[in-house]
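For reference, the structure is listed below as structure tokens.
The values are calculated or read from the model by the stated rules, or taken from the named source; none is laboratory data. Treat the numbers as computed from the prediction; the structure is a model and nothing was measured. Cβ: placed from backbone, ideal geometry, glycine included. Neighbour counts: every protein chain shown. Ligands, DNA and RNA are stripped out before the accessible areas are found, and what is left, the full protein with its side chains, is counted by its heavy atoms. Shrake-Rupley method; radii C 1.70, N 1.55, O 1.52, S 1.80 Å.
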Amino acid sequence: DRGMPIDIASPVRGSGWLVANACCDPNSPHRNILLAANGGYVTPEMFALDLTRVVGGRLFEGAGTQNEDYFAYGEPIRAATAGTVVSTVDGRPEVPPGESASGNPTVTSAADFAGNNVVIRIGPGTYAAYVHLQPGSVRVKRGQRVRSGQVLGRLGNSGNTTAPHLHIGIQDGPDILTSNSLPL
């Protein structure tokens, strides 16, 4: 039933994980994204979550100018539920932390927006997207069945991002920019 939220497991393990840019904050950049697609409009990020790690009240050690400074960087990302991989992107470059979305040199087309990512069909008309992974870290292939908890790749900073984090969303189609976000 599309009216019911979808239960998923956490795609990360351990303590200190912070959910940012969640659905219900009216100031979240995810909440207000409306794109023209499929002859209408879609809300591709409305219910998506950004996950990052906090240690000692901080997101990073040192100056935070390198991706490796961030506590979340490189953490294994796991399938939040079982399904079949419908697409993967790997090998896109990462952006240095703090780069503005408008000045990001690694995003030159819509195809670059999600950076390195994995999309998994988890049910009829229901897909899970794991976005901003490290280049070279994606461990699954199109057509592969995955189980809940299986490692998909590592948290990175690729695509339209300003700092290392995992963007996870459940959506009604396989394309990250032309699908509607679903409650999870």
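Scanning the range 65-88 for residues that are hydrophobic (A, V, I, L, M, F, W, C) and over 17 Å from PRO164 (Cβ atoms) returns ALA79, ALA80, ALA82, VAL85, VAL86.
Taking the range 155-177 as the range and being under 14 Å from the mean Cα position of the chain (by Cα) and surrounded by fewer than 21 Cβ atoms within 10 Å (Cβ to Cβ) as the test, the residues that pass are ASN160, THR162, PRO174, ASP175, LEU177. Taken together, VAL146, VAL138, VAL89 contain a single residue that is surrounded by 21 or more Cβ atoms within 10 Å (Cβ to Cβ), of a type outside the set (Ser, Thr, Tyr), touching a Ser or Thr at 6+ places or on another chain (Cβ under 9 Å) and free of Cβ contacts under 8 Å to residues at least 60 places away in the same chain, which is VAL138. Residues of the range 35-68 that are of a type in the set (Gly, Ala, Ser) and in a strand (DSSP E or B): ALA36, ALA37, GLY40. Between GLY98, GLY74, the distinction of being open to solvent by less than 30 Å² (accessible area, probe 1.4 Å) and touching a residue at least 60 places away in the same chain (Cβ under 8 Å) belongs to GLY74 only. Within the range 32-64, track down each residue that is within 19 Å of THR161 (Cβ to Cβ), of a type in the set (Val, Ile, Thr) and either touching a residue at least 40 places away in the same chain (Cβ under 8 Å) or open to solvent by 80 Å² or more (accessible area, probe 1.4 Å) (or both). Listed by number, the list holds a single entry, THR52. Note on the range 8-28: among residues that are open to solvent by 70 Å² or more (accessible area, probe 1.4 Å) and modelled with pLDDT under 80, the one that is nearest to ILE122 (Cα to Cα) is CYS24.
With the structure loaded, tell me whether ARG121 is of a type outside the set (A, V, I, L, M), touching a Ser or Thr at 6+ places or on another chain (Cβ under 7 Å) and open to solvent by 40 Å² or more (accessible area, probe 1.4 Å) or whether it fails that test. So ARG121 passes the test. Taken together, GLY173, GLY98 contain a single residue that is within 23 Å of PHE47 (Cα to Cα) and not aromatic (Phe, Trp, Tyr), which is GLY173.
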